[in-house]
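Trainee: Following this message is one structure expressed as structure tokens.
Coordinate-derived values only; no laboratory data. Fair warning: this is a prediction, and the values are worked out from it, not measured in the lab. Backbone-built Cβ (ideal geometry, glycine too); neighbour counts: all protein chains shown.
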Amino acid sequence: MQTSRLIQLGLAIFAMLFGAGNVVYPLCLGRDAGSMVMFAVAGFIVTGVVVPLIGLVSAALFNGDYKKFLGMAGRWPGAIIAFMCMLLLGPLGATPRCITLAHGAAYWHLPFISLFVFSVITAVLIFAATIRRNMVVELMGRVFGPIKLVLLFTIIMLGLFAVAAPLTTALNSSTAFARGFADGYLTLDLIGTIFFSALIIGSIRASMKPTERDNQAAVAWYGLKAGVIGGTLLGLVYVGFSFAAAKQGLALADVDRTLLLSALAEMLLGARASWLANLTTLIACLSTAIALTAVFADYLASELLCGRIKYLYALVITVIMNLAMTNLGFTGLMHVTEPLVVICYPALIVLSLANAAHVFWGFNYIKEVVIGTLVINILVTAIKHADAIKALVMQIVC
């Protein structure tokens, strides 16, 4: 495979993964971590870059077939995990979150545009961009990826050269690392790489010589190379965002998290040039929403409804669901998303590692370790939130 094509695939991975959570959480983390930002961003990179890369390579070993990949945990556990993950990527999580943050960027300059009107406009754009599934990766690699990088690194470089210094924080090195580690979960990038893998692997195979396309190890190797390129770009952006926000922590203290990038850009570039940050956010969020919509619509048509409806009709349903959930707002969406992420993510990490171990070393206890992780995590979460669960049950009963 040509180096230029490999770089293009890396840009496509970066563009598909880099959405709302990848903007909001590094900025929040940098602002809150202050002088401990180095330790916080290190934790963030573990779960926000390294773990998704493991997931991508592991899924590539299964030819990008997420059904087979998740099915290694057992038929029903795999189906349940797939359903929960798809909801997180689709209408209950990442997609409307991207649209909501994109609205925040537009609202900074066009306050007369309501969230509802904006969500209708973006629904039409997303529908038009996802009618042809095979064009999604090409759009990400050739168009959105390069544009994102230029805009993002312009803001980051200006932020890093700012005179201000990070504020002293109450966090120590271990708690800052733990905060970053937990926030990296919320990017949802591990789920993204597993479910985007079919699109990525399809593009890799199309770029390989006919004699290599059936070589599973070669496909996984190219997937790793492209993933490292995309992951490196993500890591650089996370470091840049976190350190830039840490330097401006005092000025950003009371800014809503959906407007952090806009506020930071206005501080660094001035009011007239802050459109650059908002354009960056719009492109980053909408390009990711396009990829997520295509993946969820395909899942809805082929898996959940077992081929009873065509992809086009599933796409219409998906876009309408996105439109409805977007109007809950960013905070409302996170109340739905975070509990599911806390439950699913550890099991997905274990499954990715166990599946890779199965392919390379014949590890055969995948069901046991994944189900065990899921059960333990559910129990720990239930104990941690026992009071809230008890109050909810009492409210329902009464």
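Trainee: Spin-label point model (7 Å from Cα, Cβ direction): what's the L279 to L236 distance in nm?
Mentor: Each label point is offset 7 Å from its Cα along the Cβ direction, giving 2.0 nm.
Trainee: Testing the spin-label approximation: label points 7 Å from Cα along Cα→Cβ at A251 and A357. State their distance in nm.
Mentor: Each label point is offset 7 Å from its Cα along the Cβ direction, giving 4.9 nm.
Trainee: Arrange the peptides 299-306, 244-251 so that the one whose residues have, on average, the most other Cβ atoms within 10 Å appears first.
Mentor: Those peptides, ordered most packed to least, come out 244-251, 299-306.
Trainee: Sticking with the crude label model, points 7 Å out along Cα→Cβ, report the distance from L125 to L110 in nm, one decimal please.
Mentor: Distance between label points: 0.8 nm.
Trainee: Which distance in Å, rounded to a whole number, links the C-alpha centroids of the range 172-209 and the range 30-75?
Mentor: Rounded to whole Å, the Cα centres lie 4 Å apart.
Trainee: At a Förster distance of 41 Å, what's the computed FRET efficiency of V150 paired with H335, Cβ-Cβ distance as r, to 0.05?
Mentor: 0.75
Trainee: Using a 10 Å cut-off around each Cβ, can you sort Y66, Y238 from fewest to most neighbouring Cβ atoms?
Mentor: Ascending number of Cβ neighbours within 10 Å: Y66, Y238.
Trainee: OK, next. At 222 nm, what value in deg cm²/dmol follows for the chain if DSSP H runs of at least 4 each add -39500 (n - 2.57) and the sum is divided by all its residues, to the nearest 500?
Mentor: -25000 deg cm²/dmol
Trainee: Based on the Cβ-Cβ distance of Q2 and D214, what FRET efficiency does E = 1/(1 + (r/R0)^6) give at R0 = 22 Å, to the nearest 0.05?
Mentor: Taking R0 as 22 Å, the efficiency between Q2 and D214 is 0.65.
Trainee: I've got another one for you. Run down the lysines and flag those whose C-alpha is under 29 Å from the C-alpha of K384, throwing out any fewer than 8 positions away in its chain.
Mentor: Those lysines meeting the cut-off are K367.
Trainee: Can you tell me which aspartates and glutamates have their Cα less than 14 Å from the Cα of K67? Leave out same-chain residues fewer than eight positions away.
Mentor: D298, E303
Trainee: If you average 1/r across every pair of different Cα atoms in the chain and take the reciprocal, what Kirkwood value do you get, in Å?
Mentor: Hydrodynamic radius (Kirkwood, Cα only) of the chain equals 21.4 Å.
Trainee: Sorted by average packing, counted as other Cβ atoms within 10 angstrom per residue and highest first, what order do 209-219, 6-16 take?
Mentor: Most protected by this proxy first, the peptides run 6-16, 209-219.
Trainee: Ok, one more. With r defined as the distance between the Cβ atoms of I320 and V117 and R0 fixed at 22 Å, what FRET efficiency is calculated, to the nearest 0.05?
Mentor: 0.90
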